[in-house]
Amino acid sequence: MRNIWLISNITVKDGIRNRLLHGILFIALFSCVIYLTIIPMFAFDTGKVATDLGFASMTLSGLAVVIFLGIGLLTRDIHERSVCMVISRPVSRSQYVTGKFLGLSITILTAVLIMAVLSVFSGWIALKIIPEMALPRNFSWGYLLTAVIFNYLELLIVMALGFLFTVITTNAYLSMLFTFCCYIIGQTLETIVKVITSGEFVKVDAFYIKTLEILKWIFPNLRAFDLKVSVSYGLPLSLDYTIWTAVYGLIYISIIIFITTKIFNRQEIK
Amino acid sequence: MLISVLLAGYFVCSLHVFSMRERLPAENMRAEAMSLSPVFLKIVGGEFKGLWADYLLLKASVFIGGYSRSIPQDWEAVYLLFKQSLALDPYFFSTCYYTQGVLAGRESMHEKAIELLEISRKHRFWDWEPGFYVAFDYFYYLRDNLKAAGIMRETAKLKGAPPIVATLGARFAQKSGETRTAIAILKIMYDRARDKGIKARLEKRIMAHLGILTLEQAVGRFTRKYGRRPSSLNELTEKGIINKPPENPFGSSFLYDNLTGRISFD
């Protein structure tokens, strides 16, 4: 446990030293200005527009941390053999992977919190200075916090997949490509399956439908973590749904990290 | 030395380009929409579909706010943009509002506007306004009083619906006082409108309907006096029923069908 904590600590410091986080802070501040320019263009549902902008910037900065920082750090460790220095000490490979994942999770959390706090702050300023600005219908801090947490969980899932592909390919470009593809599949698969099984717009083979149903179990359903509509329009969010989806996300992350450590344990690092 | 020349050149070119683009005639402004199926957009929108819906609405709004002359293809493009926006975010009220404000009143766009408003009405289950707009469009543009009355009655049951909604439902069912009813509805829409452009359009429509009401009353008086409908609106002034015909805020004089007695402004 101590080793895991030590590695995650080093990873967090590495992440903070990296200029990407500074870039994210700059983008967050720049986004505040953008919100205040865009929101007055809408006469209605300005709260929803502010929510869309806030979560979009959170997701984009989170994905930037996962894809460029997360995958980048791990592939750099493998290519520069600095991972050999760590695992030559009494630190197991699984402790290394877990520690690295935990460290990067904290880094992503920092990025998400920066974006979330600045987005809320921009919304507050907008309420004061823009006449058209209004809170979303039935606005609830609880819903907003839940949506932010789920956004963070979604990013952790993507990062876990990034780790898996990095360990398999040991190539930063390939790992980023596969991770991004999984992100796209995770976002679109649920809708594709719904459209195809409804048969309204396209008719396909039963075999193709079966294949998609199987893929649904392999790829993460990232759409389930998108709670923006509940925040924007005050639509009810059931506790059951929240708990089950959160547990689904955590178990999926655990499975991917478990597979990653198994593969990494068998890998020869030359 | 080189960087100064480049910067100076950039400054001069930018000034020219910006001023040339400002002088581009507004007639060149056309509405554009990519012919992407709303289903496809829902698939690829991912978690950015809300933002994309906002962008599509803004794109339509830029044309609506800036055009000086339009062609039918422009309004087809606006319809497609609204449809795409609603496919990505069916709860978005702004799209519903602009559909009613700029699309519903256009000839050949009535059914399409209703199609879009029904999406809002289905998803915004807490909001009486989409149902109100749908009922008005059925009543006024499609002359389907029965359908309008049914929708208005359902809308009246929603929490927050003003009492007049129920009254209007009853009036639609009576199939009478159409112009007065239309004026009452337009005044509600005018009071609720926040966009200056939409408010100006509604004010024109209210003036036009008030003109129609004056002429309908005059035609009624003429019919009672002479036992027949006037052959044209000019006959009303010739026979001294009215001193001067009301002005049509939409340009030319009011249109009159002497076979049905129907008066319209466009």
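The values are calculated or read from the model by the stated rules, or taken from the named source; none is laboratory data. Everything quoted here is computed from the prediction, not taken from an experiment. Heads up, the Cβs are rebuilt from the backbone with ideal geometry, glycines too, and the neighbour counts pull from every protein chain shown.
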Requested in this report: Would you be able to tell me the number of residues in the range B:47-74 that are more than 12 Å from chain A (Cβ to nearest Cβ), surrounded by 16 or more Cβ atoms within 10 Å (Cβ to Cβ) and polar (S, T, N, Q)?
Outcome: 1
Report summary line: Scanning the range B:228-251 for residues that are more than 24 Å from residue B:204 (Cβ to Cβ), free of Cβ contacts under 8 Å to residues at least 12 places away in the same chain and not in a loop (DSSP other than H, G, I, E, B) gives B:238
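Residue check: is residue B:91 among the aromatic types (Phe, Trp, Tyr) and part of a loop (DSSP other than H, G, I, E, B)? Break it down stepwise before answering.
Working: among the aromatic types (Phe, Trp, Tyr): yes; part of a loop (DSSP other than H, G, I, E, B): yes.
It is true that residue B:91 is among the aromatic types (Phe, Trp, Tyr) and part of a loop (DSSP other than H, G, I, E, B).
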Query raised in the report: Which of the following residues is surrounded by 18 or more Cβ atoms within 10 Å (Cβ to Cβ) and more than 14 Å from chain A (Cβ to nearest Cβ): B:87, B:156?
Result: B:156
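Among the candidates A:190, A:132, single out the residue that is acidic (Asp, Glu) and not in a loop (DSSP other than H, G, I, E, B).
Numbers: A:132 fails: not in a loop (DSSP other than H, G, I, E, B).
Testing whether each residue is acidic (Asp, Glu) and not in a loop (DSSP other than H, G, I, E, B) leaves just A:190.
Please count how many residues of the range B:16-30 are in a loop (DSSP other than H, G, I, E, B) and either within 10 Å of another protein chain (Cβ to nearest Cβ) or at pLDDT 80 or above (or both).
Residues flagged as in a loop (DSSP other than H, G, I, E, B) and either within 10 Å of another protein chain (Cβ to nearest Cβ) or at pLDDT 80 or above (or both) within the range B:16-30 amount to 0.
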Report summary line: The condition from (1) at pLDDT below 85; (2) within 12 Å of chain B (Cβ to nearest Cβ) that residue A:15 misses is numbered (2)
Report task. Give the number of residues within the range A:166-220 that are among the small types (Gly, Ala, Ser) and either more than 27 Å from residue A:259 (Cβ to Cβ) or within 13 Å of chain B (Cβ to nearest Cβ) (or both). Result -> 4
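Scan the range A:38-52 for residues that are aliphatic (A, V, I, L, M) and more than 7 Å from every other protein chain (Cβ to nearest Cβ) and jot them down. Full working, then the answer.
Restricting attention to the range A:38-52, the residues satisfying the condition of being aliphatic (A, V, I, L, M) are A:38-39, A:41, A:43, A:49-50.
Within the range A:38-52, A:38, A:39, A:50 qualify.
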Requested in this report: Report, by residue number, each residue of the range B:90-132 that is within 12 Å of chain A (Cβ to nearest Cβ), among the small types (Gly, Ala, Ser) and touching a residue at least 60 places away in the same chain (Cβ under 8 Å).
Outcome: B:101
Report task. Give the range B:181-195 a look and list any residue that's surrounded by 14 or more Cβ atoms within 10 Å (Cβ to Cβ) and not small (Gly, Ala, Ser), or say none. Result -> B:181, B:183, B:185, B:186, B:187, B:188, B:189, B:190, B:192, B:195
Query raised in the report: Is there a residue being within 14 Å of chain B (Cβ to nearest Cβ), within 18 Å of the chain's Cα centre (by Cα), part of a helix (DSSP H, G or I) and buried (at least 20 other Cβ atoms within 10 Å of the Cβ) anywhere in the range A:137-148?
Result: yes
